[in-house]
Amino acid sequence: MARYLQSLNELDNQTVSANTTANCYLIGRFHEIGLKGRNRWRFVDELKRNLAATFADYRLGPIRGEGLRLKVAIPDEVPENVVRERAALLFGLQNFSLSHRVDNAIEAITQASIATVGNYANGARTFRVSARRTEKRFALNSMEIDRGVGAAIAERFGLKVQLDHPDFEVSIEIMPDGAYVSAGKLEGAGGLPVGVTGRGMVLLSGGIDSPVAAYRMMRRGLRVDFVHFHSYPLVSSASREKAYDLAAHLTRYETRSTLHLVPFAEVQRTIVARAPRPLRVVLYRRFMLRIASAIAEKHGSQVLVTGESLGQVASQTLENMTVIQQAIAMPVLRPLVGMDKNEIVVDARRLGTFETSIMPDQDCCSLFVPAHPETRARLDQVLDAEAALEVDEMVTQAVNKTEMVRNTFPAKSPVPVN
C-alpha cells in the first residue's frame with residue numbers, strides 16, 4: 001500500500017483526457033448463461049453471433065468469451081451512444097460497460113479513472129469506485145484499489161464517497177491482459193440469446209398484447225417471425241401499417257425477421273355466410289391458428305406464440321381457448337396468459353410499442369363480430385359448424401395469398417418478398 005500511495009503523489013496535476021486510455025471495449029456480463037455448465041459454449045456462441053449482427057454496419061474487433069464475460073474491441077468510428085443503445089438490445093447480458101483498457105499498473109488505472117470522472121460525471125456530487133480483480137497476480141486487492149483510486153478522485157474533484165446509490169460510479173476490472181475502466185455498468189436485456197431455444201411464429205395483432213408476448217419469448221431465446229391477419233380492402237390498411245412498425249421495432253432484438261400478411265376477409269365472409277352467429281369469433285381464431293401453423297411449418301417455426309390473457313375477451317375464456325387450440329397439432333405458447341391488462345400495458349410502455357399499438361385502426365377481429373359471441377363453445381358444436389366449410393381449401397387459399405416482408409436491423413428498409 002505504501003508503494004501505491006507513493007505512486008499517487010507522483011501524479012502530476014494536469015487534466016487527464018480520455019485519450020490517456022489506449023483502447024475502448026464493450027464488456028458484457030452474462031445473465032442466465034453463467035448457469036449453463038457444460039452447455040455454456042452454445043449460448044455464448046449464439047450471443048457472439050447476435051452481437052456481430054447487431055453491429056453489422058461496423059467493423060468490430062474479435063468477439064471473445066472470457067469466463068462470465070463477453071469482450072469486444074470497439075473502433076473509434078462507432079459513437080458511444082450507438083454502442084450503449086445496441087448493447088442494451090442483446091438478450092443474454094445481465095449488464096455491460098463501455099470500458100477503456102490500460103496497463104495493469106496502478107498509476108495508469110488511477111489516471112484512467114480520473115479521466116472517466118472528468119468526462120462523464122458532470123454534476124455529480126457523490127461517487128464510488130468498484131474494483132474487481134480477476135488477475136490475482138495484481139499486487140493490490142480490490143479494496144485497496146477502491147480506497148486508493150477513490151482518494152485520488154476525491155482530491156482531484158472534491159467529490160464525496162458514497163457506497164449506496166452514488167451519483168456516479170467508476171468500475172475497474174483487472175484482467176490478465178490489462179485493466180478496464182468504465183463509467184459504471186449499464187443494465188442489460190437479460191434472458192437468453194435469441195435463437196438458442198428454437199424458432200416461433202407470433203400472431204401479431206397490432207394491439208397492445210402480442211408485441212409484449214413476442215418480446216418475452218425472444219428474451220427466452222426464441223427467434224420469432226410474425227403473422228398478421230388483416231381484412232384490407234374491406235377496412236383501411238391501418239392495421240397493416242401498424243404491423244409493419246411493430247415488427248420493425250421488435251426486429252431490433254433479433255436483427256432479422258419476416259412479417260407474413262394474411263388476407264383474412266374472404267375467410268370471414270365465408271364463415272359469416274355459413275356458420276352460426278355466436279360461433280364466429282371461435283371459428284375465426286381456429287382458422288387463424290390453422291393458417292399460422294401452415295405458414296410456420298413452411299418456414300421452419302416449431303411453435304406459435306399469441307398474446308392471449310385468460311378471461312380478457314370472449315375468445316380467451318378457458319373453454320374457448322381449449323376448443324380453439326384443438327384446431328392444430330402445433331404447440332401454442334401464451335406468455336401473457338396469467339397477466340392482467342395493467343401489467344401488460346406497463347411492459348408495452350417499457351418496450352416502446354404502446355403508442356403504436358393504441359393508434360386507431362380497423363383490424364380483422366372487429367369485422368363481422370356478433371353482439372353476443374359464445375364464451376363457452378363446445379367442440380362438437382364447432383365441428384358441426386366447420387362441416388359446412390371447405391376448411392382445407394380456405395386455409396390453402398389464405399396461405400397462398402399471404403404477402404411477406406423481411407425486416408433487418410441495423411437500418412434497412414423492409415423488403416417485400418412477393
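The values are calculated or read from the model by the stated rules, or taken from the named source; none is laboratory data. These numbers come from a predicted model, not from an experiment. Using ideal geometry, Cβ is built from the backbone for each residue, glycine included, and neighbour counts are taken over all protein chains shown.
Look at segment 206-236 and say how many of its residues are part of a loop (DSSP other than H, G, I, E, B) and either in contact with a Gly (Cβ under 9 Å, 6 or more places away or on another chain) or free of Cβ contacts under 8 Å to residues at least 60 places away in the same chain (or both).
Of the residues in that region, 5 qualify.
Just checking, how many residues over segment 118-156 are of a type in the set (A, V, I, L, M) and closer than 27 Å to GLU66 by Cα?
7
Where residues in segment 138-176 are outside any helix (DSSP H, G or I) and of a type in the set (Phe, Trp, Tyr), which of them is farthest from PHE127 (Cα to Cα)?
The residue in question is PHE138.
Criterion first (farther than 24 Å from ARG86 by Cβ and small (Gly, Ala, Ser)) does SER182 satisfy it? Outline the logic, then answer.
Working: farther than 24 Å from ARG86 by Cβ: no; small (Gly, Ala, Ser): yes.
In short, no.
Enumerate the helices (runs of 4 or more DSSP H) found wholly within segment 1-89, keeping only those where 2 or more residues are at pLDDT 85 or above. Reasoning before the result, please.
Details: elements: 2-9, 40-54, 80-87.
Qualifying helices (runs of 4 or more DSSP H): 40-54, 80-87.
Which one is surrounded by the most Cβ atoms within 10 Å (Cβ to Cβ), of the residues in segment 128-145 that are touching a Ser or Thr at 6+ places or on another chain (Cβ under 7 Å) and among the charged types (D, E, K, R)?
ARG133
Please give the helices (runs of 4 or more DSSP H) falling wholly within segment 290-403 in which 1 or more residues are farther than 21 Å from ARG269 by Cα. Walk me through how you get there before you give the answer.
Values: elements: 318-325, 341-351, 354-357, 379-386, 391-400.
Qualifying helices (runs of 4 or more DSSP H): 318-325, 341-351, 354-357, 379-386.
Which residue is nearest to GLY207 (Cα to Cα), if the candidates are limited to segment 333-361 and must be buried (at least 19 other Cβ atoms within 10 Å of the Cβ) and small (Gly, Ala, Ser)?
SER357
Can you find a residue that is in a loop (DSSP other than H, G, I, E, B) and more than 30 Å from ARG240 (Cβ to Cβ) anywhere in segment 124-132?
The first filter runs over segment 124-132 and keeps only residues in a loop (DSSP other than H, G, I, E, B), leaving 124-125.
Now drop any that are not more than 30 Å from ARG240 (Cβ to Cβ), which leaves 124-125.
Yes, the conditions are met somewhere in segment 124-132.
MET217 is checked against (1) farther than 30 Å from GLY307 by Cβ; (2) crowded, with 16+ Cβ neighbours inside 10 Å; (3) among the aliphatic types (A, V, I, L, M) and fails just one. What number does that condition carry?
MET217 satisfies all of (1) farther than 30 Å from GLY307 by Cβ; (2) crowded, with 16+ Cβ neighbours inside 10 Å; (3) among the aliphatic types (A, V, I, L, M) except (1).
What is the one condition in (1) of a type in the set (A, V, I, L, M); (2) in a loop (DSSP other than H, G, I, E, B); (3) modelled with pLDDT of 95 or more that MET201 does not satisfy?
(2)
Tell me, please, whether a residue that is touching a Ser or Thr at 6+ places or on another chain (Cβ under 6 Å) and either under 19 Å from GLY191 (Cα atoms) or in contact (Cβ under 8 Å) with a residue 24 or more places away in the chain (or both) can be found in segment 25-45.
Of all residues in segment 25-45, those touching a Ser or Thr at 6+ places or on another chain (Cβ under 6 Å) come to 25, 27.
Subsequent filtering for residues that are either under 19 Å from GLY191 (Cα atoms) or in contact (Cβ under 8 Å) with a residue 24 or more places away in the chain (or both) retains 25, 27.
Yes.
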